[in-house]
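Peer 1: Okay, handing you the structure first.
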Amino acid sequence: MRHSAFAAPGRFWRGNLHTHSTRSDGVLAPEEVCRRYRAEGYDFMALTDHFVGVYGYPIVDTLPFRAEGFTTILGAELHSGAMANGELWHILAVGLPADFAASDSPDFRPKPGQESGAEIAARAVAAGAFVAVAHPQWSGLTLADARSIEAAHAVEIYNHGCAMGCDRPDGAAIADLLLTEGRRLTLIATDDAHFSEPDHFGGWVMVKSTENSPEALLEALKRGDFYSSQGPELRDVRIEGDKVVVECSAAVSVVALGHGTAAKGVHGHSMTRAEVPLARLNNSPWVRVAVIDAAGRRAWSNPIWL
Ligand SMILES: [Zn+2]
Ligand SMILES: [Zn+2]
């Protein structure tokens, strides 16, 4: 059994799904943000400015910045409703229509009577978006918070801006708990770049699709035909009998993870293939893989459901 990202036709396209510009609190104009991602070898990006009233509820038109070999997907970071800690929700929505209706979110403080996080996430999904719970660790999400966003396709397993800016990059802990509850979530790494800090070009998705078009990329994202990375390449992740077989760029550790404490690592030098026995995964119904290179950079597969 092979993860669908490695069985699907097409090739991998590299993209950043979470980015800000001067249309909200980012430092660079949309055109320059797109130019930089293209110059760095990205195949696509989504500009996802903060969808709040003080910024005019931006869904920035990035169509003029598409170019040969580089596309953009419209999107926004949505904000409405309070989390358990009383702060405002941050929900990433990639693939929004340009006329997505404004929420009643004047600024970064929750407002009584506005849509809940769950409601605005569901509205974004209904409008065609790929939706992710943003930066769980930085937000201080509880498990109940995360569980409430029933429409979400994904969780940010890694947010580079939150890593560099405040040492709170993680989404794996809460994602694993949700997977263990049976939620079929996928895992995205993003930059959340504002270009105000070294918060860019550090976490991305590799999406498998026959073409680099917004429509095809969105469908592939929703199907889970992608993996996430800070550097390492994943070439195959498959279950063969009682082991997970991983083919990848040179790695020092290949780890298979499942529910509860289930995990098993295989370590070596410049490994491009590893076989991880499943015996230590305690019959977990799902298995995901993390690959770590000699520089400590990681790549993460989406879960395989057994
Ligand atoms: Zn955010
Ligand atoms: Zn953001």
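The values are calculated or read from the model by the stated rules, or taken from the named source; none is laboratory data. All values derive from a computational prediction rather than experimental measurement. Using ideal geometry, Cβ is built from the backbone for each residue, glycine included, and neighbour counts are taken over all protein chains shown.
Peer 1: From the list 116, 148, which residue is under 23 Å from residue 223 (Cα atoms), touching a residue at least 12 places away in the same chain (Cβ under 8 Å) and more than 16 Å from ligand 2 (Cβ to nearest atom)?
Peer 2: 148
Peer 1: Say whether the condition of being of a type outside the set (Asp, Glu), closer than 19 Å to residue 83 by Cβ and in contact with a Ser or Thr (Cβ under 6 Å, 6 or more places away or on another chain) is met by at least one residue in the stretch 158-166.
Peer 2: Within the stretch 158-166, one or more residues are of a type outside the set (Asp, Glu), closer than 19 Å to residue 83 by Cβ and in contact with a Ser or Thr (Cβ under 6 Å, 6 or more places away or on another chain).
Peer 1: While we're looking at this one, here's another question. Restricting attention to the stretch 1-45, which residues are β-branched (Val, Ile, Thr) and crowded, with 20+ Cβ neighbours inside 10 Å?
Peer 2: 19, 33
Peer 1: Residue pairs, Cβ under 9 Å, 6 or more apart or interchain, first in the stretch 181-196 and in contact (Cβ under 8 Å) with a residue 40 or more places away in the chain and within 14 Å of residue 91 (Cα to Cα), second among the acidic types (Asp, Glu) and not in a strand (DSSP E or B). List them.
Peer 2: These pairs meet every condition: 192/199.
Peer 1: Filter the stretch 96-113 down to the residues that are more than 15 Å from ligand 2 (Cβ to nearest atom) and of a type in the set (A, V, I, L, M, F, W, C) and list them by number.
Peer 2: Within the stretch 96-113, 98, 100, 101, 102 qualify.
Peer 1: Related question: Under 6 Å between Cβ atoms, at least 6 apart or on separate chains: pull out the pairs that start in the stretch 127-143 with a residue that is under 14 Å from residue 185 (Cα atoms) and end on any residue that is away from ligand 1 (no atom under 11 Å from the Cβ) and part of a strand (DSSP E or B).
Peer 2: Within 6 Å, the pairs are 130/94; 131/93; 132/154; 132/188; 133/155.
Peer 1: Output the residues belonging to the stretch 209-228 that are part of a strand (DSSP E or B) and within 17 Å of residue 185 (Cα to Cα).
Peer 2: Listed by number, the residues that qualify are 226, 227, 228.
Peer 1: Moving on. Which helices (runs of 4 or more DSSP H) sit wholly inside the stretch 72-151 and have at least 2 residues that are under 15 Å from the mean Cα position of the chain (by Cα)?
Peer 2: 136-139
To keep it simple, each residue is scored yes or no on (1) without any contact (Cβ under 8 Å) to a residue 60 or more places away in the chain; (2) more than 17 Å from the chain's Cα centre (by Cα); (3) over 26 Å from residue 126 (Cα atoms); (4) surrounded by 17 or more Cβ atoms within 10 Å (Cβ to Cβ).
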| residue | (1), (2), (3), (4) |
| --- | --- |
| 226 | no, no, no, yes |
| 232 | no, no, yes, yes |
| 235 | no, yes, yes, no |
| 260 | no, yes, yes, no |
| 266 | yes, yes, yes, yes |
| 273 | yes, yes, yes, no |
| 286 | no, yes, yes, yes |
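Peer 1: I've got another one for you. Quick check, is residue 251 at pLDDT 95 or above and not in a strand (DSSP E or B)?
Peer 2: Considered against the rule, which asks whether it is at pLDDT 95 or above and not in a strand (DSSP E or B), residue 251 comes out as no.
Peer 1: Counting only residues that are more than 15 Å from ligand 2 (Cβ to nearest atom), farther than 30 Å from residue 184 by Cα and among the hydrophobic types (A, V, I, L, M, F, W, C), how many does the stretch 1-53 have?
Peer 2: Looking only at that region, the number is 3.
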